[in-house]
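Here is the structure we will look at, set down as structure tokens.
Nothing in this text is a laboratory measurement; each read-out follows from the coordinates by a stated rule. This is a predicted model, so every value here is computed, not measured. Positions of Cβ are generated from backbone atoms using ideal geometry, with glycine treated the same way; all protein chains shown enter the neighbour counts.
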Amino acid sequence: MDDSVRKVLENEEIIGAYVSNVFRYVLLLFFAIQITVNWKNGNFLANGIGFAFFAMITIAHTYVIRTCTNWAIKGFSYLALFADFIIITSILLYYTLHQDKFDLGFALKNPMLNFYLFPLAFSLIQFRLRYVVLSVILFYTVYFGIFTTAIVYDKVVFAQDWGDYVMGPNVLLTDILFGRPILYMILAFFFCFGILRTLIMIRRIGEGEAQRSLLSRYFSPGMVEEMMTNPDLLEGRRQTATILFTDIRNFTALSENMDPLELSRFLSSIRETLTDCVFEFGGTLDKYIGDAVMATFGTPYPSEDPASDAIRALQCGQRMLEKLGEFNKARESKGLEAVRIGIGIHTGEVFSGNIETSRRAEFTVIGDAVNTASRIESLTKNFGKELLVSEETWKLAGANFRGETLPPVQVKGKEKPVTVVAVGA
């Protein structure tokens, strides 16, 4: 289970403990009314003692929730569950033993058995399957413990029909064995099913939101929505894509006088400016590399015509330079040095897909085309240009832009000299 989902579930369990504690106070009011209304028909002392113990558990539960760790809260919830069964069982047996005739059928027919539903309800509120299962085990232990004792010591009289059972003191064996126990089991089953369904729903929502959050780092919002409906697109493939690299010029000199907080804000603002341009033209943010940005066009959806990806990449590069001009005007108005960037673009075959380990997943592209795009970006320093594209990219998109073809130059990792075009020259 994803850590974020687990944290959500743990948080819901703690909230459930708070809510169940509130309901305990509601039950205290209910029991107080019951004791008051029936004070002539019942034993006020016995009822008062049971009420006092339930109040003590409730108040102690409040204290634990407000002051103790999550583990202590969970542990006390088990203790409260046991205490509730002990209180209900004690009062039930007290009234049974103090009848004129000791007949355990009184306990098996007593409406007080319905009070055992309260611990089951608390289990549902606290969002723990274990509490539900434990409630069922405790109920059957008490119920069939009383029934077994009644049979062994002959302390029960069985009715012959429903009339005798409903109107008289005797009990109907079939209802005692299959009526209330099965009803309790059915309710517990529905509670467990409801909890499981909710857990599955929370898990799916949490994992979906985690995936959406991850994808939103790399893809435009519209593409994220489309990919959420078709996750198979993240599977690896070989394809043609256009890669864009951009890097800040003289970043070391520019940042050496910045304190860490100022540097963090500067990088965040410049990255946001450049990333917005990538998403504007339907590109994919591959990664940040220090002060550099790597983006791709044609991933994860390769266009039918690679020229459209190349055109969007060049449009993105030009928009980056426009936005950087606006960014610099704001800096210069504050007396700060202008920021310069270099942009390199290349089109070629890459491997595109989701590469993951047990701890991290990353959608990226790899291949010689990526290295070439990075080398072209580095050439912007040599030629003193802001936006350079490879010959391959220019063949696809050049008809839509103005550019100047520069002399071939040898770059690291390439046997043949590389020809680049300065766009907008």
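Convex hull volume of the Cα atoms of the chain, normalised per residue: 220 Å³.
Here each label is just a point 7 Å from Cα along the line to Cβ, and for ASP100 and ILE289 those points are 9.6 nm apart.
The value of relative contact order for region 35-126, using C-alpha pairs under 8 Å at least six residues apart, is 23 percent. Between SER255 and GLU332, the simple spin-label model (points 7 angstrom out along Cα→Cβ) gives 2.4 nm.
Based on every Cα atom in region 1-106, Rg and the maximum pairwise Cα distance Dmax equal 17.7, 60 Å. Helix-only arithmetic for the chain: the sum of -39500 (n - 2.57) across DSSP H runs with n ≥ 4, divided by the residue total, places the mean residue ellipticity at 222 nm at -20500 deg cm²/dmol. Its Cα centre serving as origin, the chain has a Cβ charge dipole (Lys and Arg +1, Asp and Glu -1) of approximately 780 debye.
Screening the chain for DSSP H helices whose Cα atoms reach 24 Å or more along their own axis and whose mean Kyte hydropathy is at least -0.5 gives 3-37, 44-67, 70-97, 129-152, 180-216, 260-280.
In the Gaussian network model of the chain, springs joining C-alpha atoms below 10 Å, which of GLY16, GLY344, GLY168 carries the largest mean-square fluctuation? Ranking GLY16, GLY344, GLY168 by mean-square fluctuation puts GLY168 first. Taking amide H positions as modeled 1.01 Å from N, with prolines and chain starts lacking one, the residues under 5 Å from VAL418 and 5 or more places away or on another chain are VAL409, GLN410, VAL411. GNM on the chain, alpha-carbon springs under 10 angstrom: the most fluctuating residue among GLU256, GLU386, GLU13 is GLU256.
Each residue of region 334-343 was assigned a 3J(HN,Hα) from its phi angle through the Karplus expression (A = 6.51, B = -1.76, C = 1.60, θ = phi - 60°), giving 9, x, 9, 6, 5, 9, 10, 10, x, 10 Hz with x at Gly and Pro.
Here each label is just a point 7 Å from Cα along the line to Cβ, and for PHE189 and TYR153 those points are 3.4 nm apart.
With r as the distance between the Cβ atoms of LEU196 and SER269 and R0 = 51 Å, compute the FRET efficiency 1/(1 + (r/R0)^6) and round to 0.05.
Working: r = 46 Å, r/R0 = 0.91.
Step by step, r from the Cβ atoms, then E = 0.65.
With the convex hull of the Cα atoms taken as the outline of region 98-192, the averaged projected area works out to 6.4 nm². Taken over the alpha carbons of region 269-390 as equal point scatterers, the Debye sum produces base-10 log I(q)/I(0) values at 0.15, 0.17, 0.20 Å⁻¹ of -0.71, -0.90, -1.18. Note on MET167 and LEU29: with the Förster distance fixed at 45 Å, the Cβ-Cβ geometry gives a FRET efficiency of about 0.85.
A cut-off of 5 Å between modelled amide H atoms, ignoring neighbours fewer than 5 places along the same chain, links GLY424 with ARG402, GLY403, GLU404.
Which entries in the list LYS385/LYS414; LYS287/LYS412; LYS287/LYS334 go over 28 Å, if you measure between the two C-alpha atoms of each? Walk me through the numbers on the way to the answer.
Working: LYS385/LYS414 21 Å; LYS287/LYS412 22 Å; LYS287/LYS334 30 Å.
From the list (LYS385/LYS414; LYS287/LYS412; LYS287/LYS334), the Cα-Cα distance tops 28 Å for LYS287/LYS334.
Close amide-amide hydrogen proximity is noted between PHE363 and ILE355, each under 5 Å apart and 5 or more residues distant or on a separate chain (H modeled in the peptide plane; Pro and chain starts excluded). When the chain is modelled as a GNM with alpha-carbon springs shorter than 10 Å, which of ALA307, ALA159, ALA292 fluctuates the most? Most flexible of the set in this elastic network: ALA159. Remark: relative contact order (the chain) = 11 percent; criterion is Cα-Cα distance under 8 angstrom and separation of 6 or more residues.
Computed from backbone phi, the HN-Hα couplings of region 288-294 come to 9, 10, x, 8, 9, 10, 10 Hz, rounded to whole numbers (Karplus: 6.51 cos²θ - 1.76 cosθ + 1.60, θ = phi - 60°; Gly and Pro given as x).
Please state the relative contact order of region 278-379 as a whole percent: Cα pairs under 8 Å, 6+ residues apart? Walk me through the intermediate numbers first.
Numbers: 111 pairs, mean separation 20.6, N = 102.
Once normalised by length, the contact order is 20 percent.
Indicate, rounded to the nearest 5 percent, the antiparallel portion of the DSSP beta bridges found entirely in the chain. Let's see the in-between values first.
On the way: 35 of 39 bridges.
Rounded to the nearest five, the antiparallel share is 90 percent.
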